Amino acid sequence: MLSLLQLVLSVDTSVVNVALPQIQSALGFSAAGLSWVITAYSLVFGGLVLLSGRIGAIIGPRRALLLGTAIFVAASVLGGLASSPGILVTARAVQGVGAALAAPSTLVLITGITEPGVQRSRAMSFFVAALGSGAAIGLVLGGALTTTLGWRWVMFVNVPLGLFVLAGVRLTVPRLPRTSARLDLAGAVSSTAAMAALVYGLTSAASDGWGSAKALGSFAVALLAVSILIVAERRHPSPVLPLGFFGRMGSAAPFLAMLLIPAGQFGFLYFAALFTQDVLGYSPLLTGLVVLPFTAALVLVNVVVPRLVARWGERVTGGAGMAALTLGLLWMSQLHSGSTFTGGLLGPFVVLGLGAGLTVAPLTSVLLAQGPAEQLSAASSLNQGAQQLGGAVGLAALTTVFSAASGGVGGITTALLAGTVFPALAFILFTIWARRIGNSR
């Protein structure tokens, strides 16, 4: 149930992408306003996730998960019934509220209800498969739903899945103890403001340019909020963001790596969809289906990752995955106007899937081991926030490169080549500084 919820939340980052042309036509979105169908979800999700993690620790992770999922389902109904751009964007923002409240509790509950060893490794394997493949599955599902049932079903599909999760969690997942600490109000407000302003600035930079007033103003607000956050967290006995996570590179490196990995992956999925539709002329459904080799490779290798980690450790296994992600993006950057799916995309897709499957589980395990047990909720929240921010950073940066290269196939390949920097930096950070944890040798 917990992995299914994570899959639904991950899918929702991309399921609407291939439906955007239909949404624009049906509701009358402007070209600039259409991007908010994507941005509203990531902006609110990323902005609220640290605050939501602390709330979940105080009211109990099970209750937070149920409440967040209920909000997410209600917002999906509103989005499916939307009759105007404003209603749909509002629904996507409320989905982000629900996701931010529910997501940090998934890892907390998985860790709390499983025994260390085989049981927890198996549960983490399912969770990681859901986390890593969600965006790619979203493209497939979005294409199928848009082609067969219409764009509204990219929202409605969350309703039966969400209700199933609600029922399953209530029946099978026990309550865990709550945290007695009081809410860090200053840290909560400043962290939310910092993350929301940063995501907004990055998305504004992608559409309006890095020198635009909106982008620069948002970055200034984010910098101010981070400064306030640091001061507040130094003084609070139970901070939403324990600064000890970033006191040395050994603990900071996994979080920085988790920021960089989605930056490359979101860019790869975006430009793959762009190439298949604009260059190869594929339909939305076929565009979604072409990423199946990536998803299949990720899921298959994820099955054997626990054994690889037991044999070689997180650092070697995760480092191999990050190297494969770098090579996959480098290979994909060789695309040209005459490339076909089998000749230009299939090989890179498989390598990228193998890399993602090898990367996410070891990186998540090391990241969650950075603090004591009472900071698990904070680490889980930061994990989710890093993914949202990383995706926004990567897409904004690579879209800027694409535009500077005058678009087209040349812009796609230039952006993909630039995207290799993200997993390459993650490889350096993780393999040099990430410390080993208990099940490594």
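The values are calculated or read from the model by the stated rules, or taken from the named source; none is laboratory data. What you are looking at is a predicted structure, and each value in this text was computed from that prediction instead of being measured. With ideal geometry, Cβ positions are generated from the backbone for all residues, glycine too; neighbour counts draw on all protein chains shown. Ligands, DNA and RNA are excluded from the accessible area calculation, which covers all protein heavy atoms including side chains. Shrake-Rupley method; radii C 1.70, N 1.55, O 1.52, S 1.80 Å.
Taking every alpha carbon pair in the range 247-315, what does the distance histogram look like in 5 angstrom bins from 0, in percent?
Percent of Cα pairs in each bin: 3, 13, 14, 16, 18, 13, 10, 7, 4, 1.
Just from its helices, what would the mean residue ellipticity at 222 nm be for the chain, if runs of 4 or more DSSP H residues each count -39500 (n - 2.57) and the sum is divided by every residue, rounded to the nearest 500 deg cm²/dmol?
Only helices count here, giving -26500 deg cm²/dmol.
Can you compute 3J(HN,Hα) from phi for each residue in the range 379-395, using the Karplus curve 6.51 cos²θ - 1.76 cosθ + 1.60 with θ = phi - 60°, rounded to whole Hz and x for Gly and Pro?
Per-residue couplings from phi come out as 5, 5, 5, 5, 4, 5, x, 4, 5, 5, 5, x, x, 5, 4, x, 5 Hz.
Under the definition of Cα pairs under 8 Å and six or more residues apart, what whole-number percent is the relative contact order of the range 275-362?
Dividing the mean separation by the residue count of the range 275-362 yields 45 percent.
In angstroms, what radius of gyration and Dmax does the chain have, counting Cα atoms only?
20.3, 62
Taking amide H positions as placed in the peptide plane 1.01 Å from N, state which residues far from F29 in sequence (5 or more) or on other chains have amide H under 5 Å from it.
Residues meeting the criterion, in which the H sits 1.01 Å from N, do not exist here.
Convert each backbone phi in the range 3-20 into a coupling constant with the Karplus relation 6.51 cos²θ - 1.76 cosθ + 1.60 (shift: θ = phi - 60°), then list the ³J(HN,Hα) values in order as whole Hz, x for Gly and Pro.
Running phi through 6.51 cos²θ - 1.76 cosθ + 1.60 with θ = phi - 60° gives 5, 4, 4, 4, 4, 4, 5, 5, 4, 5, 6, 9, 5, 7, 4, 6, 8, 4 Hz.
What does the charge count around A91 come to, taking other residues whose C-beta lies under 12 Å from its C-beta (Lys +1, Arg +1, Asp -1, Glu -1)?
Once all neighbours under 12 Å are counted, the net charge is +1.
Could you order peptides 289-295, 108-114 by the average number of other Cβ atoms within 10 Å of their residues, highest first?
289-295, 108-114
Could you rank the peptides 325-333, 216-224, 339-347 by their average count of other C-beta atoms within 10 Å per residue, with the highest value first?
325-333, 216-224, 339-347
Say the dipole of the range 26-170 comes from +1 at the beta carbon of Lys and Arg and -1 at that of Asp and Glu; which of L131, V108, T147 then lies farthest toward its positive end?
V108
Give the residue from V299, P242, Q277 lying farthest towards the positive end of the charge dipole for the range 172-304; charges sit on Cβ (+1 for Lys and Arg, -1 for Asp and Glu) and the dipole is referred to the Cα centre.
Positive-most Cα among the choices belongs to P242.
Note down the accessible area of Y200, probe 1.4 Å, to the nearest 10 Å².
Number for this one is 60 Å².
In whole angstrom, and with the biggest value first, how far do the Cα coordinates of the range 32-104 range along each principal axis?
38, 21, 12
So what J values fall out for the range 85-101 if you push phi through Karplus, 6.51 cos²θ - 1.76 cosθ + 1.60 with θ = phi - 60°, rounded to Hz, Gly and Pro as x?
x, x, 5, 5, 5, 4, 4, 5, 5, 5, 4, x, 4, x, 5, 5, 6
Projecting each Cα onto the charge dipole of the chain (Lys/Arg +1, Asp/Glu -1 at the beta carbon, about the Cα centre), which of T172, G98, L9 comes out farthest on the positive side?
Farthest towards the positive pole: T172.
Given charges of +1 on the Cβ of Lys and Arg and -1 on the Cβ of Asp and Glu, with all other atoms neutral, how large is the dipole of the chain about its Cα centre, in debye to the nearest 20?
1120
Determine, from the Cβ-Cβ distance of I432 and Q119 and an R0 of 41 Å, the FRET efficiency 1/(1 + (r/R0)^6), rounded to the nearest 0.05.
After rounding to 0.05, the efficiency reads 0.80.
Quick one: which of 57-64, 231-238 comes out on top by average Cβ neighbours within 10 Å, and what's the full order, highest first?
57-64, 231-238
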